[in-house]
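What follows is one structure encoded as structure tokens, with my remarks underneath.
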Amino acid sequence: MIASSRARRGLTAAAGLSLGWAVIGALVLGGALLVGFAVGPVDLGVGAIVREILSHVPFLGVKSPLDDTEQAIFWQLRAPRVVLGALVGAMLASAGAGYQGVFRNPLADPYLLGAAAGAGLGATLVIAYANDSGASRELRPLAAFVGATAGVAAAYAIGRSVGGRTTASLILAGVTVASFLTAVQTFVQQRNTDTVQQVYAWILGQLETSGWREVAIALPYMAVSWAVLLVHGRLLDVLAVGDEEAASLGVSVSRVRLLVLGAATLGTAVAVALSGLIAFVGIIVPHAIRLVAGTSYRVVMPLSIMFGGAFLVLADVLARTVTSPAELPIGVVTAFFGAPFFALLLRTTRVAGP
């Protein structure tokens, strides 16, 4: 009874996203998009990009300073890549926040719970055995979702069977499942050596696109995932007080977990299928937001979408400029920043069961 009263008072005091943080998030994301649009092997300039975009707005009368070649580079090559990067980063960050809310542990993310490894295996199977099919890209999200669902389900079942409800056991089970699925993926690669280079490039992470097609494929899945995650922000705050206290407040704990896990897994599957394995975004972004903006998921979730998109867009800018004219895999860039951050997080976070 006392715990329930405390939980009610804490949840009542928790505030949603403030206008100030919403504006900051929008400005950061907008600024990152402009940098991504402008910077590359052909430097288009931020001012020129702004005028080019405004030139397509009716009644403004703004004339574009870009010539036909530069316009083609912007609209057909750079813009879809940057937009896809923003979508993938936003999805991985919000999915990471969702997993952390469900398991009540800031170290949880899709890459520690078997979802990404399962999605990777599913997508690898499509690349290996349907590579010549025109429907290969359309099949990847479905195959990745099936693999991600199987990975999370296996990790959850193993974790519950050996450690009850402790999040440490669930995370360790996720690492075990991920290792097994990665081994199967390696076996598939070895059996299909003609696709090894393509799979390897995909594993390291890439945002190369053939236009707006990938954006059109990703957006419907991600929109559904974000809708579910955002709607459940307050319920994730309720879960943070504990299962028994949440149940006493009338929350169906198993239903919330199932919906959030399903939404986060769906989004992760699509992101992995289209961009490969881009690690650490789901840990870095939500945890940084908690440090500066608060721990309520009504704040963490929307800001994860905005800052996650900005983070991956800027990481992609580094990936295509640091070794220009060659490109670094974007997964290398995120790991470069993410691995030290994760090590610091391990030192400052006490991993314990609820």
Run the numbers on the chain and let me know its relative contact order in percent, using alpha-carbon pairs under 8 Å that are six or more apart.
30
Label corresponding to Rg/Rh (Cα atoms, Kirkwood Rh) when calculated from the structure given, among (i) 0.99; (ii) 1.07; (iii) 0.94
(i)
Determine the share of the chain's accessible area contributed by carbon and sulfur atoms, expressed in whole percent, with a 1.4 angstrom probe.
67
Helical contribution to [θ] at 222 nm, DSSP H n ≥ 4, -39,500 (n - 2.57), averaged over the chain, rounded to 500:
-24500 deg cm²/dmol
Which value, in debye to the nearest 20, gives the size of the charge dipole of the chain about its Cα centre, when Lys and Arg are +1 and Asp and Glu are -1 at the Cβ?
1220
How would the stretch 169-321 be classified by its alpha-carbon gyration tensor: rounded, prolate or oblate, with rounded meaning a/c under 1.5 and the a/b versus b/c comparison settling the rest?
prolate
The ³J(HN,Hα) series, computed from each phi in the stretch 37-54 with the Karplus coefficients 6.51, -1.76 and 1.60 at θ = phi - 60°, rounded to the nearest Hz and given as x for glycine or proline, is 5, 8, 9, x, x, 10, 7, 8, x, 5, x, 5, 5, 4, 5, 4, 5, 5
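Which of rounded, prolate or oblate describes the stretch 24-143 when judged by the alpha-carbon gyration tensor and an a/c cut-off of 1.5?
Since a/c reaches 1.5 but b/c is at least a/b, the shape of the stretch 24-143 is classed as oblate.
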May I ask for the angle, rounded to the nearest 10°, between helix 281-293 and the longest principal axis of the chain, with both axes built from Cα atoms and the value confined to 0 to 90°?
70
Below 9 angstrom from the Cβ of Y297, what's the summed charge of the other residues (Lys, Arg +1; Asp, Glu -1)?
+1
Can you give the accessible area per residue of the chain, in Å², using a 1.4 Å probe?
45
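The values are calculated or read from the model by the stated rules, or taken from the named source; none is laboratory data. In this text, all values refer to a predicted model and were calculated from it rather than measured experimentally. Glycine gets a Cβ as well: all are built from the backbone with ideal geometry, and neighbour counts include every protein chain shown. Just the protein is used for accessible areas: all its heavy atoms, side chains included, with ligands, DNA and RNA removed. Shrake-Rupley method; radii C 1.70, N 1.55, O 1.52, S 1.80 Å.
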